[in-house]
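Quick notes on the structure that follows.
The values are calculated or read from the model by the stated rules, or taken from the named source; none is laboratory data. Note that this is a predicted model, so its numbers are computed, not measured. With ideal geometry, Cβ positions are generated from the backbone for all residues, glycine too; neighbour counts draw on all protein chains shown.
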Amino acid sequence: MGGGERERILTGIRPTGPLHLGHYAGALENWLRLQREYDCHFLIADYQVSDYADDFARVRESVWEVALDWLAVGLDPEESCFVIESLVPEHAELGAWLSWFLPLGMLQRNPTLKAELAEFGKRSAPVAFFTYPVMQAVNILMPRAHLVPVGEDQMPHIEMTRELARRFNRQFREVFPEPRGLVGRVPRLVGLDGRAKMSKSLGNAIDLGDDADTVARKVRGMFTDPTRLRATDPGHVEGNPVFLYHDAFNPDADEVADLKERYAKGRVGDVEVKEKLTRALNALLDPMRERRAHHEAHMDGVRDALEAGTARARARARETMALVREALEVDYLAGPPPARGRA
Ligand code: TRP
């Protein structure tokens, strides 16, 4: 792993199913770029699955799916730690201490939490739902991370984490760096249907594991400019999902500029625009498909990556917990309190 000097990254994903292009553009692409520069901890946040009670078996499947997706995009488990959250029990321990320092009001003002809470509708949300931002802060603080590359919606959680670190350091002693958030090139990718966000649950996603034909079919079904009836009608480029995807994933800037110009003038049909997008997407996904096929044939290697990364993260977690216990003076067995020690 080398480089005790490198700054550390911690970032995570919930194991709720296969990863898609939104994850890639919003986060994974950054992780890939940063993995050689930083000492990276990539965490599978299995404490954070909101519908836990529903389907533990599904979560188990997802843990493996996420690990496989990570290997497929090119994250390197030799270089970075792949960590399973609940197999580092120190997370629960640090969570129990740190939740004392997070005022409830701060949670209640967190806009991401508010939005997610609304999704429960009339159902009563589980208690763990309210504490997950604490656990997320714990995830970040545990390896004493400096940088957290995430999707835009995660920034309120990072802000809370910074506040928690400041409070702890001020009140006890300097244990935690104040972590910075870093949002990806495409903070939020629209869905295939033009809805604000690509998401598995909305059924508007292209998964990183989709094969070439599936990608072609999904792109053919994408929403475009609803006001345009014929290829000869001038079309709207702005806000058009197909062009948002071209901007996000087609590296051939000249081709994109040419398509946009012709589209606006009514000189190109959706079919051509979509075919070119399909080609760009498949060029991006092809190397991932190859790596995925390799790792799928060697699932013991996936297991090794998870096991080794989790063990490394756990060693670091023990170090952090020793610092925390000392700072809080809850390292009781280190010796009797000073007054009695001298008696
Ligand atoms: N809450 C994040 C998400 O939904 C996942 C996550 C869990 C995370 N722990 C983290 C992200 C720690 C960054 C750092 O995407």
*Out of the residues in the range 264-278 that are of a type in the set (Lys, Arg) and touching a helix residue (DSSP H, G or I) at 6+ places or on another chain (Cβ under 9 Å), state the one that is farthest from Ile206 (Cα to Cα).*
Arg267
*Is there a residue in the range 307-322 that is at negative phi, touching a strand residue (DSSP E or B) at 6+ places or on another chain (Cβ under 7 Å) and among the charged types (D, E, K, R)?*
yes
*Applying the selection to the range 124-139, what residues are part of a loop (DSSP other than H, G, I, E, B) and either within 13 Å of the ligand (Cβ to nearest atom) or touching a residue at least 12 places away in the same chain (Cβ under 8 Å) (or both)?*
Pro126
*Based on what the data block shows, is Val268 touching a Leu at 6+ places or on another chain (Cβ under 8 Å) and not in a loop (DSSP other than H, G, I, E, B)?*
no
*Could you look through the range 154-193, keep only residues that are in a helix (DSSP H, G or I) and away from the ligand (no atom under 16 Å from the Cβ), and pick out the one that is surrounded by the most Cβ atoms within 10 Å (Cβ to Cβ)?*
Phe168
_Just to check your reading of the model, which residue among Gly17, Gly12, Gly22, Gly74 is closer than 30 Å to Pro241 by Cα and either of a type in the set (Val, Ile, Thr) or in contact with a strand residue (DSSP E or B) (Cβ under 8 Å, 6 or more places away or on another chain) (or both)?_
Gly12
*Which listed residue is aliphatic (A, V, I, L, M) and more than 15 Å from the ligand (Cβ to nearest atom), from Val73, Val49, Val83*: Val73
_For the structure I just gave you, tell me whether Ser80 is within 30 Å of Gly191 (Cβ to Cβ) and either in the same structural domain as Pro287 (by TED's automatic domain parsing) or at pLDDT below 90 (or both)._
no
